[in-house]
Every structure is written in C-alpha cells, then in structure tokens.
C-alpha cells in the first residue's frame, strides 16, 4: 500500500519565517466552500496469485472541507464476473509542502493542507476473463481550480482501471506525491517515480480528468489536457516513455493534470491505470534543484539515452549523477530507491561545496530480472519554509545475455550434487553431458556430480549483443569423515528453554580447517561453531553443513524433541480479605517467546500480519546477527510493522531494541516529529497509543520493555510500530531489532 508523505524542515531564521507566514496567507488562503474536498486519486493493484488481487486506493483530500470517504465501495466487472467490494481505510498522512512549524488546515491551522487517505483490500477474481474494469468515484472536487470548466457545479472525481487477470500482473506503483507545490518563474520537472515490479513496458499519456459519469471535464481556454497550466514558453513538455513533465509556470494557479499509464507485456496491452493530480503553484522564490542531464563516469553498460542504460547480466555497472541548486547557500541531499527495487546495488553521495552534490550508483546485476529496472533519484534543498525537490528516473535495462553462476564449484562424492544456474534466454544446452544428473525443463538449473574436474559450457538462445555462452568449473575434491554427536542420542527430550550440547567432530584433520553452518540459527548460541548450545521452544531439527578447506560440503542433522513448555501462571483475585470472606481466583497461563524476530537472515513473516516501508537490512546496524528491521520507503509508502494477533491476557512485556538514523548512508537522521509510535489494537479494532519514541533519544540501539497494560490484555491483540512522518526514501531512518513478546 502506498502513502505519499512530504515532511518539510524549518531551518530559516525567525525573521524569515515571520515574513513567510504573512506571505503564504495571501498565496494559499484557507477556503470554506460547499463540501468540496477531492484533490486527486489513484487506484493500484497487486497480483497475489490464484486470482487474488490486493487493491490500494490513494485519495488526496483538501483539508479545508468535508471528511474523506470512510470505506469506499469499489465496483468491478468483466464479461464473466461482477461484484462490489469495500476498501477499508488503512492510514492517513498529511502531504502538504510546508515546514513543520506551519500549522495547516489539516491540524486546525489557517493554511491550506492536503492529506493522503489510504484504503486497501483484497478480492478473488475469475481468471477465465481478461476484460476487467474497476473504478473509484467521489463527489465534489475541491475548488477553486483554475484550469477546469466547472460551469457553476463542482464535478465528481472519477478514475478507472483495466486489468487482465489471465496473467498474474501487478500495476505500476507511484512513489512521488501528486500534489506538488511549485514557485512561479522557476523551471520545474516532475517525475512519478514509477516502478513496475514485473518489468513490463509502460506508456504514458495526458488525458482529460473525468467526472462522476466517467465523462471528460472540459478545460477553460487556453488550457487543454496536453497544456494544463500557464507556462513561460507556452509549452508543457511531457515524455510518453517516462511520464516526466517539464515546464516553467508563470502565474499562481491550482491546476488539475490527469495521466494514464498503459502496461504492455510482449507487445500486448495487459492493463491501464489513471492518476488524477493537482499542481499548487504559488508566488514564492525557491528554485528547484537541477539534475544534470548527462550522467558521469559510466563504467559497464551502454548509454542509450539520457535516462536509459543497457547492461549485460555479467557486467558491473557504475555511474555518477550530478545535481546543483541555482540558489546559492543551500545544502542538497540526494537519495535513491535501491533498497526497495535493486537489491545488491549501492548509492553513495558526496557534497561538493554547499550547493552541489554527486551521487554514485553501483550495481552487480546478478539476480535482477531481465528488462526494466527503474532507479529513482530524489534531490532536495534545505530552504524553508518551502522546500524544493527534483525527482528523476533512470531505466537500467538488463539485457538477456547468457550468464552461468557461480564461477566455480567443488564436488565430493560424500556430499550432494552441485547446482549450477544460468540467466538470460529461454532454452539452454550444456556440454559435456557427463556428470549432469538432473536438469529442469529449460535447463536453466542443472545438478552435477562429475567423476573428474570438469568445465561445463552452456549456450543460450539470447539474441542481444551480450554473450550467449558461459562456463563453470566444477572441481572434484576428496571426501572427509565427520559425525554429529549430541549429549545422548539424535532425538532427545527436554523441557522448553533447557540446553543441550551438540559436538561436531570431523575425525579427518587432513582437510581442515573446517567451517560450520547450522540452521535454523535462532535458538543456537552460535551457528558457526562445531559445538553450539541449543535452546529450542518447540520440536526442532537442526541441519549442519560442514565444509573442508578444499570445498567439500557434507550435510547432517540432529533433532530435539520438546516434551512440554514451562508455564508462567498469572493469578488474579482479591488479595485482601476479611475472615470468612471468599474470592474468585483466576489463572492465566502463558509461555515466553510467543513472538520473536531477529530479522536474520530475513524477516520471519509468520510473526507479522503486515509490513510496509520496512525491510530486513544491515543499513542501520543490528543488535544480533547482521540485520535489523529498517524503516525506509518511497515517499508514497507508510513505514509500519504490524504483529500477528497475540493472546496477551497474561500481561507481560513487548521487548525490542530501537535506534534512529545517525547520519550515514541509508541511515539518515530523522528530524523532530518523525518519531516512532508503538500502538495496540484489540480484535482488529482501532489503534491506541502505548508510547511515542521521539527523535534525538535513540542514537544507538536502546533496549525497550513495554508492559502490556490491562486494556491491551485480550486473546486477540496486535501491536504496530509506525513512523509518524518521513520525507521519503533514503531519509529519516529508524531500525528495530530482536522484537519479542514475553508474557
């Protein structure tokens, strides 16, 4: 689900701030018009498999009037299916581009404000039909709007979506807010920050906004859907390949712009979505940061255009992006969306003076799917009260070369066959055939057990200029002797939280030293030694890979049976009685570690009901292992983690470690107000606060033990970690680690 949040910092003097308050009251007056509130909307969808789709509605509300819809009904139909489903409200964020010290109408102030209301829900579709349409409609667009002909009546806001569920396809996602504030006379470029997780081809077009009947709303002269606002040159530049808009506005105005995005796969149209936007143009003086069109120091890959780079799957790609601020004395920040959409990539920034910044992007494309991979880069200045930003995107297009990995393998007869994988193309042939013991249908994965050291050659059917042949060397290495010795037998019975000692004793020292890798590791004191101590709380089979210095890996296992759990009873009742009185004693029994996640090697999704704008990552460090739950997101996604439902009737504590960003790369320091709140909900009801963790107090990992109070002690309680505000991806980061519920 997406949430578009813009948090703007106040860093100017008191005198300048006072001047801004006087000026902005004339630029963005608070309005009280008849029940007009709809400033924009977009409706996106995600394929979950087996015909199930999650729809997410972003509704952008003008805070000067009536409230947003509670739980909108969404009609959906095709030639074989028709239904109406409800989208429950998930969360709300303010997106107004004013500094934190300015109070908008969203919070009872005098300045026009905007909110993003996010609704999300799932529906299962009949996948025999390909012609689905769905839509959202809400009455009364906000007013005044300067470029549309309302003819005395505020029209409704209407957007529709088409999709083809015969292919499991997810719509494009937008990651920039659709209600930007711009200054007159300043050149401006707007990019949606679109990401298509399926790698499909996208085509953008400007269209008429629609009213409640789905009919076009006319523009007032001289405006049109392709020229929606007054510009300096009389032109409104629009890129049909990226959706990027460039222009210099000349007058203060509120202008509606509507964009349609068509999605193609193998040349066939498989879906389309629409985005109803609103540009707020005011009389102010802050130029947008400029991103230099030409990238610098390209290594690996081939430049196709200013924003498209082709790269082969076996190349390493790096290049630099330069940005500067036309207004002197301002400090720039630059961030990219690599953690969400380009695992394994890096993005580092270097300031060159106060108003110029350089971002260096590096990528090893192994593991990325062939096709488009969108790199979104956002640059912002620090001028208050109105910050200015620039977002650009680069299409990193991964070609279908043939690339086999890993480069080398070691095989021993006592170990299992070795797996070789290949990327790029659709069908593959291997030579020699000897030693290949299995292959999948297209031979992109094979298992080998060679009798002698062997170089395997693979040839693919890729037609790009990248290589279509690659090699992998598999060495034949000696076996070694090993045993797994528990204290008694392979299967032992112990109570919960008792310990046992497992000793790994490779008896053949010729091929040492040996390395050890135990899984699962969460209940072991050390997963990389030969004699770890285990403390499981349920029946567990531990698997061990022992590897010699020659590369021979042998796998073994040992099981532990947990015969019972140690109860921790909570007894309640009157503890002061008179002689002869009676009381009712109540006993609640719970067990420790009802909830636990240390985010290694990744997030344990069984412990969480939903995760948004968070991921297991080492970017802000960790308490144990390598990862913590890292709070970062595109500026359209709420940062929150919701636990599974827990029985908390026995009380206890929710325990975790908390840390705020410390100014490093991908661990940027949050500002005041960008706090973490801990909340609870009973029976999927309303969220209630437990505590707020304010910025400035958690510069290193701090242990938190939050008691579960009586109102939160139910048989169906959830907890939510939520960041109140954030500027967007790469900024204002937090991390939590070792989350557990101890009752």
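The values are calculated or read from the model by the stated rules, or taken from the named source; none is laboratory data. All values derive from a computational prediction rather than experimental measurement. Note that we place each Cβ from the backbone using ideal geometry, even for glycine, and neighbour counts take in every protein chain shown.
Test of understanding: among 103, 124, 84, 96, which residue is modelled with pLDDT under 95, crowded, with 20+ Cβ neighbours inside 10 Å and more than 24 Å from residue 681 (Cα to Cα)?
That would be 96, the only listed residue that is modelled with pLDDT under 95, crowded, with 20+ Cβ neighbours inside 10 Å and more than 24 Å from residue 681 (Cα to Cα).
Quick one: which residue in 306, 235 is outside the structural domain of residue 383 (by TED's automatic domain parsing) and surrounded by fewer than 21 Cβ atoms within 10 Å (Cβ to Cβ)?
Just a single option satisfies the conditions, and that option is 235.
Please give the number of the condition residue 252 fails out of (1) at negative phi; (2) at pLDDT 90 or above; (3) surrounded by 21 or more Cβ atoms within 10 Å (Cβ to Cβ).
Evaluating residue 252 over (1) at negative phi; (2) at pLDDT 90 or above; (3) surrounded by 21 or more Cβ atoms within 10 Å (Cβ to Cβ) leaves (3) as the failure.
Residue by residue, here is whether (1) assigned by TED's automatic domain parsing to the domain that holds residue 384; (2) buried (at least 19 other Cβ atoms within 10 Å of the Cβ); (3) not in a loop (DSSP other than H, G, I, E, B) holds:
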| position | (1), (2), (3) |
| --- | --- |
| 622 | no, yes, no |
| 629 | no, yes, yes |
| 654 | no, yes, yes |
| 671 | no, yes, no |
| 691 | no, no, yes |
| 697 | no, no, no |
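Right, residue 90: touching a strand residue (DSSP E or B) at 6+ places or on another chain (Cβ under 8 Å), in the same structural domain as residue 142 (by TED's automatic domain parsing), surrounded by 18 or more Cβ atoms within 10 Å (Cβ to Cβ) and closer than 30 Å to residue 383 by Cα or not?
Against the criterion (touching a strand residue (DSSP E or B) at 6+ places or on another chain (Cβ under 8 Å), in the same structural domain as residue 142 (by TED's automatic domain parsing), surrounded by 18 or more Cβ atoms within 10 Å (Cβ to Cβ) and closer than 30 Å to residue 383 by Cα), residue 90 does not qualify.
Here are 496, 467: which of them is at pLDDT below 75 and either within 37 Å of the chain's Cα centre (by Cα) or in the same structural domain as residue 596 (by TED's automatic domain parsing) (or both)?
On the way: 467 fails: at pLDDT below 75.
Only one candidate qualifies: 496.
Could you please find all residues in the range 99-130 being more than 30 Å from residue 642 (Cβ to Cβ) and in a loop (DSSP other than H, G, I, E, B)? Steps first, please.
Taking the range 99-130 as the starting set, the residues that turn out to be more than 30 Å from residue 642 (Cβ to Cβ) are 99, 101-102, 109-112, 126, 128-130.
Once the filter is applied, which keeps residues that are more than 30 Å from residue 642 (Cβ to Cβ) and in a loop (DSSP other than H, G, I, E, B), the range 99-130 yields 101, 102, 109, 110, 112, 126, 128, 129, 130.
Every residue in the range 144-171 that is buried (at least 19 other Cβ atoms within 10 Å of the Cβ) and over 31 Å from the mean Cα position of the chain (by Cα), please.
The answer is 145, 147, 148, 154, 155.
Picking from 534, 527, which residue would you name as being farther than 14 Å from residue 415 by Cβ and free of Cβ contacts under 8 Å to residues at least 12 places away in the same chain?
Only one candidate passes the filter, namely 527.
Residue 298 is checked against (1) part of a strand (DSSP E or B); (2) more than 27 Å from the chain's Cα centre (by Cα); (3) in contact (Cβ under 8 Å) with a residue 24 or more places away in the chain and fails just one. What number does that condition carry?
(3)
Being over 28 Å from residue 251 (Cα atoms) and touching a strand residue (DSSP E or B) at 6+ places or on another chain (Cβ under 6 Å) is true for just one of 215, 205, 135. Which residue is that?
Details: 215 fails: touching a strand residue (DSSP E or B) at 6+ places or on another chain (Cβ under 6 Å); 205 fails: over 28 Å from residue 251 (Cα atoms).
Result: 135 is the single residue among 215, 205, 135 that is over 28 Å from residue 251 (Cα atoms) and touching a strand residue (DSSP E or B) at 6+ places or on another chain (Cβ under 6 Å).
If you take the residues of the range 267-291 that are under 27 Å from the mean Cα position of the chain (by Cα) and part of a loop (DSSP other than H, G, I, E, B), which of them is surrounded by the fewest Cβ atoms within 10 Å (Cβ to Cβ)?
Looking at residues that are under 27 Å from the mean Cα position of the chain (by Cα) and part of a loop (DSSP other than H, G, I, E, B), I get 288.
Please pick out the residue among 432, 417 that is free of Cβ contacts under 8 Å to residues at least 60 places away in the same chain and more than 27 Å from residue 556 (Cβ to Cβ).
Of the residues listed, the single one that is free of Cβ contacts under 8 Å to residues at least 60 places away in the same chain and more than 27 Å from residue 556 (Cβ to Cβ) is 432.
Residue under question is residue 727, and the condition is that it be in contact with a strand residue (DSSP E or B) (Cβ under 6 Å, 6 or more places away or on another chain) and either at pLDDT 90 or above or surrounded by 11 or more Cβ atoms within 10 Å (Cβ to Cβ) (or both); does it hold?
Criteria not met by residue 727.
Can you give me the number of residues within the range 530-548 that are surrounded by 14 or more Cβ atoms within 10 Å (Cβ to Cβ) and either touching a helix residue (DSSP H, G or I) at 6+ places or on another chain (Cβ under 8 Å) or assigned to a loop (DSSP other than H, G, I, E, B) (or both)?
The number of residues fulfilling the criteria is 6.
Does residue 246 qualify as being assigned to a strand (DSSP E or B) and farther than 16 Å from residue 155 by Cβ?
yes
Taking only the range 42-70 into account, find how many residues are closer than 18 Å to residue 81 by Cβ and either touching a helix residue (DSSP H, G or I) at 6+ places or on another chain (Cβ under 8 Å) or assigned to a strand (DSSP E or B) (or both).
Number satisfying all stated conditions: 9.
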